[in-house]
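Here is the structure we will look at.
The values are calculated or read from the model by the stated rules, or taken from the named source; none is laboratory data. If you're wondering where the values come from, they're calculated on a predicted model, not measured in any experiment. FYI the Cβ positions are ideal-geometry reconstructions off the backbone, even for glycines, and counts take in every protein chain you see.
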Amino acid sequence: MRDASPEIFPDRPKPPTAAWVGTALASATLAACGGGSTPGAAVVPGPIVNTSASDEEAARFLLQAQFSASDADVASVRTLGYAAWLERQLALPLGQTGWDWLDSRGYGDVLNRANYYDSSYQADYMMWNQLIMASDSVRKRLALALSEYFVVSLSGLSFTWRAHAGAHYWDTLVAHAAGNFRNLLEAVTLHPAMGYYLSTKGNKKEDASGRQPDENYAREVMQLFTIGLLELNADGTPKLDASGNQQDTYAASDVSNLARVFTGYDFDQSQNVNTVIAQTGGGTRTVSSAAFARLPMKLTASNHSTLAVTFLGSTIAANTSAAAALKSALDTLFNHPNTGPFFCRQMIQRLTTSNPTPAYVARVAAVFGNNGAGVRGDLSSVFKAILLDEEARSSAGLTQLEYGKLREPMLRLVQWARSFGVSSTSGDWKIGDLSNAATQLGQSPLRSPSVFNFFRPGYVPPATALSAGVVAPEFQGVSESSVGGYLNYMMTLISNGLNSGDIKAAYTAELALAIDAVALVRRLNLLLCAGQLSAANQTLIVNALNATALTSASTVAAQRNRVYAAVLLVMASADYLIQK
């Protein structure tokens, strides 16, 4: 239904008013992005930037393209150039899958008394392990962006082997991150996790009793995954009719017709092996293996609607086979002129800036339409276009007040872990669901509160000084509670790690600089902020660190405490929280 629009998705808590937030976050809201151009203007090819003149420029690129900027990666980018470095990263073999990691830790054991088949928490461990440890970090970063577009939430799955289903959904995004949008769209549509999450699983055709196909996926595949709510120009701006009004992309009849295409599908149980398990309170329970959780949903032809389907000006004839109907419907959505700009703008928002200029969107959308070799939907080319565009690489954005984006909390944790050599001694990576805003991050991968993601792409914090038309999506999760929760959680994490020190940072290079506060802050400025920590804030942090004097005779504990304090202060600063 239209009232499910993300534009009226219930807002999170009201924006912060506390003094700390006012200075560190609320003021930083103004750095949400910037620029504009004439709506619907012709696409002007943008210059591709391929070399970095400094370590800071290389680090800035790395923090957009992946999760962290190590010394080795900075040197590699400067040697190879942006494009060649990206090519090399995207060509890396896929690392261990999330599914295989779960099985390697014993979570696929149907006889384990922990009843893993009824839990999802082990998928949280899998996700943090994937994001922190995977060698193909660029692909994982792109997959994470895709997970906030094609949303499936572990919190909305409640069937047997839900953790494995969530892991395989993640693996699907990873596998297709450098592939083609059309293939990804079909893989997502038929995935058992998506089938359960948006009601395609078990969806049946109309019958004489008045039953009609469930419309959930038909609505969301248009509204959220392909064309959006409004007709768009090639640059992502709304098309206006002769009276200057915005135009809807689809009507209720489009949804009800399209819903017929997504009938007849259910879990594919053909490869399952059943195990009879004695229950603690008596009796037995038959539990299947996890095989169905990684298989595309299977068609039961008798449950599939054979009525004609008319939507978005196209018609699928009555009695068309289910496979042909699905292909035709997805092809129509894939080839719709809205799909490129709608998708590309949101990927730009996730990777570089909250408010890309229409010209930036148009340039990237043009690549979605044709990668230069006549291929539409080439995601590898799209992501390269996003990251190499002049608007992403130019230093002009660094001095524009309304440019950039608020760094998502889960990205902050992954950056911290990758930057400072975090490891899990046991290999268990027991970092759980960190969605609690008051005591944790207020965000956790694959844990969106709804299909509308953690925040709306068009969210504008109320009572702020943002210019008209400027949005700040990630601020939908900001409140006094979330700011305090983040700081307190990171303060403990930075110094103590997790699980009695099983997960802890090494800080090897930072400890070597602990006595020299200026050098330490300079290093953190590069690693965490890509050199964007202001001189004034560097001075404040250095002075705070030097308030406790250190010498070469100081204890290791004292030196570690200085490193902990330095990392926390940088990660609490507005210069860090706003990524430009």
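The table for this structure:
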| read-out | value |
| --- | --- |
| Residue within the stretch 182-195 that is over 22 Å from Tyr149 (Cα atoms) and at pLDDT 95 or above present | no |
| Test: residue in the stretch 515-528 that is within 28 Å of Tyr459 (Cα to Cα), touching a residue at least 24 places away in the same chain (Cβ under 8 Å) and surrounded by 20 or more Cβ atoms within 10 Å (Cβ to Cβ) | yes |
| Number of the exception - Arg285 against (1) among the charged types (D, E, K, R); (2) within 30 Å of Asn115 (Cα to Cα); (3) in contact with a helix residue (DSSP H, G or I) (Cβ under 8 Å, 6 or more places away or on another chain) | (3) |
| From the options Tyr149, Tyr107, residue that is in contact with a Phe, Trp or Tyr (Cβ under 8 Å, 6 or more places away or on another chain), farther than 21 Å from Glu390 by Cα, surrounded by fewer than 21 Cβ atoms within 10 Å (Cβ to Cβ) and not hydrophobic (A, V, I, L, M, F, W, C) | Tyr149 |
| The lone exception for Val276 - which of (1) among the aliphatic types (A, V, I, L, M); (2) in contact (Cβ under 8 Å) with a residue 12 or more places away in the chain; (3) surrounded by fewer than 18 Cβ atoms within 10 Å (Cβ to Cβ); (4) closer than 27 Å to Ala165 by Cβ it fails | (2) |
| Filter pass, Ser448 being part of a loop (DSSP other than H, G, I, E, B), out of contact with any Gly (no Cβ under 7 Å at 6 or more places or on another chain) and not acidic (Asp, Glu) | yes |
| Residue match in the stretch 172-187 (condition: polar (S, T, N, Q) and assigned to a loop (DSSP other than H, G, I, E, B)) | no |
| Of all residues in the stretch 62-77 being farther than 20 Å from Leu146 by Cβ and not β-branched (Val, Ile, Thr), the one that is surrounded by the most Cβ atoms within 10 Å (Cβ to Cβ) | Ala69 |
| Residue satisfying all of: in the stretch 318-362; under 17 Å from Tyr149 (Cα atoms) and of a type in the set (D, E, K, R); surrounded by the most Cβ atoms within 10 Å (Cβ to Cβ) among these | Arg350 |
| Test: residue in the stretch 572-579 that is small (Gly, Ala, Ser) and out of contact with any helix residue (DSSP H, G or I) (no Cβ under 8 Å at 6 or more places or on another chain) | no |
| Residue satisfying condition, being within 21 Å of Val367 (Cβ to Cβ) and not β-branched (Val, Ile, Thr), within set Leu229, Leu185, Leu198 | Leu185 |
| Residue match in the stretch 475-488 (condition: free of Cβ contacts under 8 Å to residues at least 12 places away in the same chain and outside any helix (DSSP H, G or I)) | no |
| Looking only at the stretch 86-102, and only at residues there that are touching a Leu at 6+ places or on another chain (Cβ under 9 Å) and surrounded by 15 or more Cβ atoms within 10 Å (Cβ to Cβ), the one that is nearest to Arg139 (Cα to Cα) | Leu90 |
| Odd one out for Glu391, checked against (1) in a loop (DSSP other than H, G, I, E, B); (2) buried (at least 22 other Cβ atoms within 10 Å of the Cβ) | (1) |
| Residues of the stretch 363-377 satisfying the condition of being among the charged types (D, E, K, R) and either free of Cβ contacts under 8 Å to residues at least 40 places away in the same chain or surrounded by fewer than 22 Cβ atoms within 10 Å (Cβ to Cβ) (or both) | Arg376 |
| When residues of the stretch 212-242 are limited to those that are among the hydroxyl-bearing types (Ser, Thr, Tyr) and assigned to a loop (DSSP other than H, G, I, E, B), the one nearest to the chain's Cα centre (by Cα) | Thr226 |
| Residue check for Phe343: touching a Ser or Thr at 6+ places or on another chain (Cβ under 9 Å), modelled with pLDDT of 95 or more, closer than 29 Å to Leu388 by Cα and of a type in the set (Phe, Trp, Tyr) | yes |
| Residue within the stretch 291-301 that is outside any loop (DSSP other than H, G, I, E, B) and polar (S, T, N, Q) present | no |
| Residue match in the stretch 129-152 (condition: within 30 Å of Thr284 (Cβ to Cβ) and either of a type in the set (S, T, N, Q) or in contact (Cβ under 8 Å) with a residue 60 or more places away in the chain (or both)) | no |
| Scope the stretch 187-211; condition closer than 24 Å to Ala91 by Cβ and acidic (Asp, Glu); matching residues | none |
| Filter result for the condition that a residue is in a loop (DSSP other than H, G, I, E, B) and of a type in the set (Val, Ile, Thr), over Val138, Val77, Val152 | Val152 |
